[in-house]
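A short worksheet on the structure shown next.
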């Protein structure tokens, strides 16, 4: 398996634009997590899904952020409209059985909003 | 949310042992984890310990758990320059991993 695949690897966008980050989890993994990493706040859990259903979205910072998982092999994290403070590295991770088992991370998407 | 705290930076010489410390708050975590992040990459699981264990050894890695004090440590024996990275401890909270701030380990030749 190629591991968790995220795209794009880098994204530079202007403030106010819509940004969509994409993730393909490892096949057979029932859990998918979106994290955000910044220098100031470290790694923050934004949302996670179990069997394509959002379980906990309490980490989503505000209504500008939305995440979907239309099927077991694809998830998106959308920011609309984007702001400079959204600049961060966004990681997607998947695991076979959720907390208590290993989470496999993608390479991340580095987002810069100017 | 739950707090997981780590010191931010550690510098050691090649061949020495490194000890990275972590304190956590959720005593109900079944497992506690150590992840490693190399520059420009995602996190990779290094090792984990079941909460009813005091110690786990895995080659150069030794994990110590003090449940009473909610203290976790990772010891790396014979530290190599390739061990330079950021190390995160993590606990489970509400079904997902909560990470510490990460400790940047710098290994000097």
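The values are calculated or read from the model by the stated rules, or taken from the named source; none is laboratory data. In this text the structure is predicted, and so the values were computed from the model without any measurement. Neighbour counts run over all protein chains shown; Cβ positions are idealised from the backbone, glycine included.
Summary table below
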item: Evaluation of residue A:65 against (1) in contact (Cβ under 8 Å) with a residue 24 or more places away in the chain; (2) in contact with a helix residue (DSSP H, G or I) (Cβ under 9 Å, 6 or more places away or on another chain); (3) more than 19 Å from residue B:100 (Cβ to Cβ) (one fails), failing number; result: (1)
item: Residue, farthest from the chain's Cα centre (by Cα), within the stretch A:91-114, restricted to residues that are more than 16 Å from residue A:48 (Cα to Cα) and surrounded by fewer than 20 Cβ atoms within 10 Å (Cβ to Cβ); result: A:114
item: Elements of type strands (runs of 3 or more DSSP E) in the stretch A:10-114, at least 2 residues being within 11 Å of another protein chain (Cβ to nearest Cβ) and modelled with pLDDT of 95 or more; result: A:31-38, A:42-50, A:88-95, A:109-113
item: Residues satisfying the stated conditions in the stretch B:13-29, i.e. more than 21 Å from residue B:55 (Cβ to Cβ) and part of a strand (DSSP E or B); result: B:13
item: Qualifying residue in the stretch B:88-95 (condition: surrounded by fewer than 18 Cβ atoms within 10 Å (Cβ to Cβ), away from chain A (no Cβ under 14 Å) and either farther than 19 Å from residue A:39 by Cα or at pLDDT below 90 (or both)); result: no
item: Residue among B:10, B:74, B:45 that alone is surrounded by 14 or more Cβ atoms within 10 Å (Cβ to Cβ), part of a strand (DSSP E or B) and within 11 Å of another protein chain (Cβ to nearest Cβ); result: B:45
item: Those residues of the stretch A:19-55 which are touching a residue at least 40 places away in the same chain (Cβ under 8 Å), under 15 Å from the mean Cα position of the chain (by Cα) and over 23 Å from residue B:37 (Cα atoms), in sequence order; result: A:19, A:20, A:50
